[in-house]
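In what follows, a single structure is set out as structure tokens and then discussed.
The values are calculated or read from the model by the stated rules, or taken from the named source; none is laboratory data. Since the structure is predicted, the reported quantities are computational estimates derived from the model, not experimental observations. Don't worry about glycine lacking a Cβ; one is built from the backbone with ideal geometry, like all the others, and counts go over all protein chains shown.
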């Protein structure tokens with residue numbers, strides 16, 4: 001009796017293997033057909049950029065780099081067409097994990113008439129003088145006088 005069981009199990013496993021190979025053989029053409037159905041990219045589609053960023057031709061603007069912006073308070077307006085802007089920021093101390101207030105005074109070109117105490121947005125620009133590398137873009141909030 002044990003011999004018959006072994007023979008039956010061998011025959012069953014052979015039948016299962018042939019059934020699996022038949023299933024694999026039938027799936028193979030489906031995979032090839034799916035690969036053939038994939039749309040080809042045209043030459044025009046290849047030339048278009050893949051990123052979602054706007055093209056560099058829009059209004060002639062160079063969109064590769066965004067200029068640094070800071071928001072600060074006008075600390076001094078005693079110079080002609082120049083203001084000193086104090087920019088505050090909070091930095092976490094690496095050892096004590098406490099936030100420390102850091103301040104920086106930046107000289108900015110004042111073409112729009114910002115006065116002392118105004119909250120302004122400044123943008124980095126080319127060197128305008130020995131210490132002036134920023135430009136006032138907008139007055140966010142006027143000072144109370």
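The rows are residues; the columns are (1) modelled with pLDDT of 95 or more; (2) exposed (fewer than 10 other Cβ atoms within 10 Å of the Cβ).
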{"position": "39", "(1), (2)": "no, yes"}
{"position": "44", "(1), (2)": "no, yes"}
{"position": "49", "(1), (2)": "no, yes"}
{"position": "58", "(1), (2)": "no, yes"}
{"position": "73", "(1), (2)": "yes, no"}
{"position": "90", "(1), (2)": "yes, yes"}
{"position": "96", "(1), (2)": "yes, yes"}
{"position": "103", "(1), (2)": "yes, no"}
{"position": "122", "(1), (2)": "yes, no"}
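Of the numbered conditions (1) surrounded by fewer than 13 Cβ atoms within 10 Å (Cβ to Cβ); (2) modelled with pLDDT under 95; (3) touching a strand residue (DSSP E or B) at 6+ places or on another chain (Cβ under 9 Å), residue 144 satisfies every one except a single condition; which is it?
Tallying (1) surrounded by fewer than 13 Cβ atoms within 10 Å (Cβ to Cβ); (2) modelled with pLDDT under 95; (3) touching a strand residue (DSSP E or B) at 6+ places or on another chain (Cβ under 9 Å), residue 144 fails exactly one: (3).
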